[in-house]
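Undergrad: Okay, here's the structure, questions in a sec.
The values are calculated or read from the model by the stated rules, or taken from the named source; none is laboratory data. Note that the structure is a prediction, hence the values are computed from the model and not measured. With ideal geometry, Cβ positions are generated from the backbone for all residues, glycine too; neighbour counts draw on all protein chains shown. These area figures cover heavy atoms from the full protein model, side chains too; ligands, DNA and RNA do not enter into them. Shrake-Rupley method; radii C 1.70, N 1.55, O 1.52, S 1.80 Å.
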Amino acid sequence: MDLGSDQEATLYGKAQATYQKSVLTAHQIDMLLERDELEAQGMPSDTGLVGRPKFKRGEEDPFYGDRLAYNLRTERGRVKSARTSIQEGFVQGSAVKMMEDSTLYVADALYTTCDCEDDPSYSLRSDRMKMKEKWVYSGPMQLFLFNIPTPLWLPFGFLPATQGRRSGPLPLDYGEDGRGFYLRNVGWYQIINEYMDVQLTGGYWTSGSWQLNSRFRYNKRYAYDGNFSFDYRQVKLGEETDQDYSEKGTIRLQWRHQQEFNPHTSLRSRVNLTSRSHLRASDDLDDQIRQDVSSSARFQKQWRSVGRSFSAQLRQKQYFQTGRVNLTLPSISFRQTRRKPFQRENRPPGEEERWYEKITYRYSSSLDNGFSYPTREQRLRNGVDSTNLDIPWYEALVSPSTYRKATGDVIPFDFQASHDVPVQASFSVQEIFGQPVFLSLNPNFDYQEEWRLFRRRLHPTDSSEESGGFGNERDGLAFKRETDFTALRQFDTGVSAKTRFYGTFPWRIGALEGLRHTVRPSLNFGYRPNFRDPFWGYTDTFRDSTYTVVERRYLNGPQKRIGLSLNNLFQTKYVTTDSTGERQSRTLSLLKLDANISYNAASERRPLSTLRLSARPPFLNRSDRADVRLTAGFSPYALDNNQRRTDRYVWQDGRPPRLDRLSLTIGTELGPGETRRSSLGGYGGSRYGDGRGYGGRRRGGGQYGSSRYDNSGTSEPTDFSIPWALSLDFSYDLTRQSGSLESSDAILNSSFTFNPTPKWLVRGDTGYDFKKMEFSTTRLQVYRNLGCWEMSINWVPFGRFQQYGFTLQVKSGKLRDLLKLSHPRSSVKDRFSGLLN
């Protein structure tokens with residue numbers, strides 16, 4: 001300290017000076033007390049400065065520099081060879097001036113998101129730069145790769161200095177595809193307020209194709225959330241002088257909305273209106289292979305205290321392959337959960353329910369107004385003129401006359417209302433003939449009523465053509481629909497009995513001790529009269545023909561069914577001994593084996609049903625590593641010499657039941673620890689799909705997956721910390737209705753990811769159809785960690801959607817979308833067809 005005329009003091013070593021919210025640390029700090037100034041510097045060494053000055057004011061990002069001066073009175077400062085962080089990037093300069101309002105002026109400025117301080121691999125450089133509040137402004141900027149200048153030059157620049165939403169231009173995509181060189185996603189993002197924003201983009205191809213897209217988003221927490229998008233494409237293929245030249249405009253309209261009015265009332269909608277030509281022109285592989293689109297809107301209200309709910313829904317589904325369209329305008333339903341109408345309100349505590357108090361009922365009703373636009377083949381069979389086959393479904397929807405010309409039917413809408421009242425009770429039987437038993441007895445009765453606004457009648461073929469008949473000709477007659485109220489009242493009743501018993505076996509194999517077999521048999525009986533009988537009034541006659549006034553599928557046939565099911569569970573104990581000698585055990589479920597069969601005495605032919613078996617070893621799924629499911633069906637009927645099923649039982653010929661259906665699914669995920677889930681999570685939904693029953697073919701995400709193969713680059717850096725992960729799914733389905741094999745499928749799907757080296761990552765998914773002897777769409781993606789950069793190669797090597805792509809871009813930060821070299825998806829056939837054939 002020198003308290004003479006100079007009024008100076010110096011701190012050495014790990015020096016620190018604090019003033020209000022400002023903190024300065026360095027190897028050496030000189031305090032000029034008379035001028036209220038601080039000067040800081042580091043100590044030179046062979047490896048650089050030791051104790052480099054660091055200055056931090058409040059919540060602002062700290063500054064580092066070789067030398068630093070700061071005036072406590074004016075709150076201004078100057079840093080030589082300065083460096084500071086700004087969100088995900090860094091700013092460096094030969095000199096930085098700090099103002100009292102936190103504004104910074106940088107000379108010889110450099111901005112980068114690369115964390116290599118001495119020699120960043122990329123940077124935007126400018127002679128002058130200003131940092132104020134939420135933005136960074138600069139004069140002319142030039143891109144440098146390492147210290148090499150590039151021709152990329154901007155007349156000015158402004159960069160966001162805060163996270164979150166910001167209005168401004170969007171980074172564009174460029175590249176080449178089958179329609180020529182393009183510029184896409186050229187547009188603007190605008191914040192409307194804290195709840196809404198809008199995005200407008202466009203694209204142009206050198207072939208003359210162009211695209212306009214708008215997206216409006218809104219979100220208010222705990223209130224509503226949704227977005228609306230509109231996409232228009234003008235697609236030109238070929239030259240105007242070409243014979244196959246085509247030009248077509250396509251539209252896609254999407255709307256998603258969800259709103260919670262209160263905990264019991266909600267509105268949800270997901271609308272997707274588009275055409276097949278629009279999806280075929282899409283850049284997304286999933287859109288190109290899509291075979292249908294659907295839309296829905298649903299309003300739901302619940303009264304949980306009384307167990308009631310109400311919903312109103314609109315639905316639409318369009319199948320591009322067949323041209324069929326189904327709409328429900330609207331579908332209204334009301335439901336009442338289970339209630340006990342005879343329950344006493346003042347039943348004494350501890351007293352059991354009386355038998356009539358156990359009677360329960362439920363009620364549900366629905367009202368559906370359906371519109372169905374038949375397939376092209378169905379309309380041809382209905383006698384539709386070929387000139388009317390191209391009438392779009394939405395024109396037929398709004399015009400009854402157009403619907404009649406397009407379909408041959410006179411009634412466009414199918415209205416029906418239904419009511420369902422199931423009544424049941426549950427009784428526990430504890431003793432039979434003095435012997436203790438555990439038996440659950442459940443009688444039931446179900447009443448259904450349907451209201452329809454039309455009925456069908458038989459007419460001569462010529463008159464049916466004049467009044468809009470729709471085929472089903474027989475003996476010169478055809479059905480036609482007529483407007484007439486029809487009520488269908490049907491019911492069925494039955495009773496079921498369930499029990500449970502155990503068997504134990506004292507055995508030990510290694511750490512497995514004992515075996516317990518739990519059997520849950522169930523016997524049920526069901527009765528339903530034949531509502532197709534004239535007694536019930538749902539038939540009519542024309543000449544000598546008797547027919548039902550509605551399609552037979554709406555009327556239930558007779559049933560006197562006895563059903564038996566056996567559910568078996570085999571369990572054991574897994575016993576271990578710790579270091580103290582204490583035994584520890586846990587129950588391990590080895591196998592679940594279920595069987596069921598039924599006999600319908602009212603059926604005139606083949607009353608005995610197929611014997612169905614299902615098996616699953618639960619212990620394999622305990623660690624979520626694997627899952628195995630097997631279902632099988634065995635027919636009890638023999639075949640004749642022509643391999644057709646007869647009414648004769650197979651055991652009458654001394655043979656066992658015949659296998660006619662089999663389904664096997666095996667799925668597993670392998671990987672170190674929990675990494676297998678995160679690494680394969682993007683590869684398409686449920687691991688096992690829905691194809692676990694008869695004929696269910698598991699295609700799932702292993703074949704197509706999500707849109708993760710966007711060659712314009714991913715929004716987040718790739719995770720290279722996953723050493724490896726593998727997902728395998730195998731499904732086999734066999735259906736044999738007669739003696740010959742009618743259909744079978746054997747499909748293996750696989751998704752994988754692995755790191756050959758710490759800086760390389762390979763991902764892919766594929767599938768193989770053993771019946772067709774061909775691979776499904778196979779996709780590979782290779783990543784390379786290049787420090788501050790990342791490279792990716794995407795490839796669909798064979799199949800209908802052959803593609804490849806290459807992307808080189810910075811790994812993170814605001815420059816990720818700007819500094820990117822991309823060769824987007826292109827058809828491999830255009831360049832490599834000779835190598836692939």
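Undergrad: Rolling a 1.4 angstrom probe over the protein chains, ignoring ligands and nucleic acids, what is the accessible area of I432 in square angstrom, nearest 10?
TA: I432 has an accessible surface of roughly 70 Å² with all protein chains in place.
Undergrad: Could I ask something else about it? Applying 1/(1 + (r/R0)^6) with R0 = 51 Å to the Cβ-Cβ distance of F491 and S167, what FRET efficiency is obtained, to the nearest 0.05?
TA: Details: r = 65 Å, r/R0 = 1.27.
Here the calculated transfer efficiency is 0.20.
Undergrad: I need the peptides 403-412, 634-643, 240-249, 370-379 ranked by packing, meaning the mean over residues of other C-beta atoms within 10 angstrom, with the highest value on top.
TA: On the way: 403-412: 20.1, 634-643: 14.3, 240-249: 9.5, 370-379: 17.0.
Sorting 403-412, 634-643, 240-249, 370-379 by mean packing, highest first, produces 403-412, 370-379, 634-643, 240-249.
Undergrad: Label points 7 Å out from Cα along the Cβ direction at D390 and D292: separation in nm?
TA: Going from the D390 label point to the D292 one covers 2.7 nm.
Undergrad: Can you find, among P797, N749, F730, the residue farthest towards the positive end of the dipole of region 728-804? Put +1 on the C-beta of Lys and Arg, -1 on that of Asp and Glu.
TA: The one lying farthest along the dipole's positive direction is P797.
Undergrad: Right, something else. Run the quick spin-label model on E88 and E34: label points 7 Å from Cα toward the beta carbon, then report their separation in nm to one decimal.
TA: Calculated label separation equals 5.2 nm.
Undergrad: Which of the residue pairs K220/K811; K317/K480; K21/K54 have a Cα-Cα distance greater than 22 Å in the structure shown? Before the final figure, lay out the partial values.
TA: Numbers: K220/K811 32 Å; K317/K480 26 Å; K21/K54 14 Å.
Pairs exceeding the cut-off: K220/K811; K317/K480.
Undergrad: Convert each backbone phi in region 527-535 into a coupling constant with the Karplus relation 6.51 cos²θ - 1.76 cosθ + 1.60 (shift: θ = phi - 60°), then list the ³J(HN,Hα) values in order as whole Hz, x for Gly and Pro.
TA: Karplus values, whole Hz, x for Gly and Pro: 10, 8, x, 8, 7, 8, 6, x, 4.
Undergrad: Same structure again: Would you pull out the residues with amide H under 5 Å of S209's amide H, same chain only if 5 or more places away, H placed 1.01 Å from N?
TA: For S209, the qualifying residues are K236.
Undergrad: Now for a separate question. So if R0 is 51 Å, what FRET efficiency would A602 and N227 give, r being the distance between their Cβ atoms, rounded to the nearest 0.05? Please report the intermediate quantities before stating the final value.
TA: On the way: r = 55 Å, r/R0 = 1.07.
Computed FRET efficiency for A602 and N227: 0.40.
Undergrad: May I pose another question? For region 156-294, just say rounded, prolate or oblate: build the C-alpha gyration tensor, square-root its eigenvalues into a ≥ b ≥ c, call rounded for a/c under 1.5, and beyond that prolate if a/b exceeds b/c, oblate if not.
TA: On the way: a/c = 3.30, a/b = 1.42, b/c = 2.32.
Oblate.
Undergrad: Right, next: Mind listing the phi-derived Karplus ³J(HN,Hα) values for region 316-329, rounded to whole Hz, using 6.51, -1.76 and 1.60 with θ = phi - 60°, and x for any glycine or proline?
TA: Once θ is set to phi - 60°, the couplings for region 316-329 become 8, 9, 10, 9, 6, 5, 9, x, 6, 9, 10, 10, 10, 9 Hz.
Undergrad: Sticking with this structure for a sec: What nm distance separates the two modelled labels at Y554 and N193, each placed 7 Å from Cα along Cα→Cβ?
TA: About 5.0 nm separates the two model spin labels.
Undergrad: Right, here's the next one. Rounded, prolate or oblate for region 119-193? Axes are the square roots of the Cα gyration tensor eigenvalues, ordered a ≥ b ≥ c, and the cut-off for rounded is a/c under 1.5.
TA: Numbers: a/c = 2.44, a/b = 1.12, b/c = 2.18.
Oblate is the answer for region 119-193, as a/c is 1.5 or above yet b/c matches or exceeds a/b.
Undergrad: Can you give the extra length, in nm with one decimal, that the chain gains between M773 and N71 once fully stretched, where that is 0.36 nm per residue apart less the Cα-Cα distance?
TA: On the way: separation 702, 0.36 × 702 = 252.72 nm, distance 7.91 nm.
Once the chain is fully extended between M773 and N71, it gains 244.8 nm.
Undergrad: Using a 1.4 Å probe, how large is the accessible area of H264, given in Å² and rounded to the nearest 10?
TA: Near enough 70 Å² of accessible area.
Undergrad: Within region 225-239, list the residues whose amide N lies under 20 Å from a label point set 7 Å along Cα→Cβ of D284.
TA: Of the residues in region 225-239, 225-235 have backbone N under 20 Å from the label point off D284.
Undergrad: For the chain, what is the calculated [θ] at 222 nm in deg cm²/dmol (nearest 500), taking -39500 (n - 2.57) for each run of four or more DSSP H residues and dividing by its residue count?
TA: Details: 9 runs with 53 residues, N = 837.
-1500 deg cm²/dmol, from helical runs alone.
Undergrad: Taking H as built 1.01 Å from N, whose amide H comes closer than 5 Å to the amide H of R324, not counting residues under 5 places away?
TA: Y319
Undergrad: How large is ³J(HN,Hα) for each residue in region 653-670, as worked out from phi by the Karplus curve 6.51 cos²θ - 1.76 cosθ + 1.60 (θ = phi - 60°), to whole Hz, x for Gly and Pro?
TA: 9, x, 10, x, x, 9, 5, 10, 9, 8, 9, 10, 10, 10, x, 8, 10, 10
Undergrad: What accessible area per residue comes out for region 715-805, rounded to a whole number of Å², with a 1.4 Å probe? If you can, show how the numbers build up before the last one.
TA: Values: 4240 Å² over 91 residues.
Counting only protein heavy atoms, the per-residue value for region 715-805 is 47 Å².
Undergrad: Between region 245-306 and region 547-574, what's the alpha-carbon centroid distance in Å?
TA: Their Cα centres are 36 Å away from one another.
Undergrad: Taking 0.36 nm per residue of sequence separation and subtracting the Cα-Cα distance, how much length would be gained by fully extending the chain between R644 and L566, in nm to one decimal?
TA: Values: separation 78, 0.36 × 78 = 28.08 nm, distance 3.01 nm.
Taking R644 through L566 to full extension adds about 25.1 nm, to one decimal.
Undergrad: If N is the number of residues in the chain, what value comes out of its Cα radius of gyration divided by 2.2 N^0.38 Å?
TA: Details: Rg = 37.3 Å, N = 837, 2.2 N^0.38 = 28.4 Å.
Output field value: 1.32.
Undergrad: Would you kindly state how much longer the chain becomes between Y245 and Q142 on full extension, computed as 0.36 nm times their sequence separation minus their alpha carbon distance, in nm to one decimal?
TA: Details: separation 103, 0.36 × 103 = 37.08 nm, distance 4.34 nm.
So the chain would gain 32.7 nm between Y245 and Q142.
Undergrad: Ignoring ligands, DNA and RNA, please state the percent of accessible area on the chain from carbon and sulfur, probe 1.4 Å. Numbers along the way, then the final one.
TA: Working: 25030 of 46800 Å².
Here it works out to 53 percent.
Undergrad: Give the long-range amide H neighbours of Y363: residues separated by 5 or more places, or on another chain, with amide H under 5 Å away, using H modelled in the peptide plane at 1.01 Å from N.
TA: For Y363, the qualifying residues are Q336.
Undergrad: Moving on to the next point. Does a label point 7 Å from the Cα of K21, set along Cα-to-beta-carbon, have any residues of region 86-125 with amide nitrogen under 12 Å, and which are they?
TA: It comes to 101-102, nothing else.
Undergrad: I would also like to ask the following. Give K358/K498; K130/K820; K248/K820 a once-over and call out the pairs whose C-alpha atoms are over 23 Å from each other. The partial results should precede the final answer.
TA: Values: K358/K498 17 Å; K130/K820 26 Å; K248/K820 32 Å.
In this structure, K130/K820; K248/K820 exceed 23 Å between Cα atoms.
Undergrad: Is the C-alpha gyration tensor of region 82-208 telling us rounded, prolate or oblate? Criteria: a/c under 1.5 is rounded; beyond that, a/b larger than b/c is prolate, otherwise oblate. The partial results should precede the final answer.
TA: Working: a/c = 2.62, a/b = 1.42, b/c = 1.85.
Because a/c hits 1.5 or more and a/b fails to exceed b/c, region 82-208 counts as oblate.
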